[in-house]
Structures are given as structure tokens and as C-alpha cells.
């Protein structure tokens with residue numbers, strides 16, 4: 001397990017953010033394709049129209065490509081010691097030592113910088129500002 005200082009995690013964002021953006025885009029497109037496929041199996045969405053044509057742009061191959069992109073992104077993050085928590089939101093955690101115990105530094109895509117931390121078991125709902133001690 002790699003422990004990040006706040007400064008190291010902040011500096012790593014320059015390389016992490018593009019990965020998160022790719023992962024989020026792949027995840028959102030994959031979910032849309034899955035919804036379209038499910039609607040296609042049922043016949044259509046509630047209004048009688050497919051959400052998207054699941055077979056355009058490669059169909060099954062596109063689903064596989066998106067799954068591979070998700071796996072690739074998760075692997076890139078894992079190799080850096082960063083945990084992907086929510087691919088749709090772009091939520092990641094960095095291991096960090098705070099007051100003698102290991103916690104997470106928490107980053108959500110779109111935030112200007114790393115400003116939050118939480119206990120390992122607390123999750124997103126337990127986020128606290130870094131300045132509060």
C-alpha cells in the first residue's frame with residue numbers, strides 16, 4: 001500500500017484526472033448501451049423508442065472496448081496506489097497517514113483540489129475537510 005502525503009496526492013492529480021475522465025466516459029457510455037440493450041430486449045423504452053442503437057459503432061465489440069477501457073483505467077489507478085470508488089462520479093481515494101493511522105484522502109472529479117479525507121470504513125458520507133483537526 002502506498003501512502004500519499006497531501007502534496008503528493010495533489011501533484012498526482014495531473015495524471016489521475018485524465019484517467020478518471022476516460023473511465024467516467026467509458027462507464028457512462030457502457031451504461032447507456034446496457035440500457036439500450038435491455039430496452040431492446042423488452043422491445044423499447046417507456047415511450048416506445050430505443051435509448052440508443054446498441055448495434056451502431058461496433059455493437060458487441062463496442063461493449064467489449066468500453067469494458068477494456070474501464071479495466072485499463074482501474075489498473076492504471078491501482079498501479080499508482082489509488083482506489084477507484086465510483087467510476088461514474090470519478091471518485092478516488094488515496095491512502096494517507098493522519099494522526100498515526102491510515103485514512104483516505106478523497107477526490108471527486110470536478111473538485112479543484114484534494115480537500116477531504118475520511119476513515120477507511122466511513123466512505124464518502126464521512127468526508128471531512130483537511131483543515132479541520
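Below, the figures for the structure above:
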quantity	calculated
Close pairs (7 angstrom Cβ cut-off, 6 or more residues apart or separate chains): over 15 Å from residue 18 (Cβ atoms) in region 72-84, surrounded by 16 or more Cβ atoms within 10 Å (Cβ to Cβ) anywhere	81/95; 83/92; 83/93
Filtered residues of region 90-110 (kept if surrounded by fewer than 14 Cβ atoms within 10 Å (Cβ to Cβ) and under 22 Å from residue 70 (Cβ atoms))	110
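Taken together, the values in this text are just the output of simple stated rules run on the coordinates, not laboratory data. Quick caveat, the model's predicted, so the values are computed rather than measured. Cβ atoms come from the backbone with ideal geometry, glycine included; neighbour counts cover every protein chain shown.
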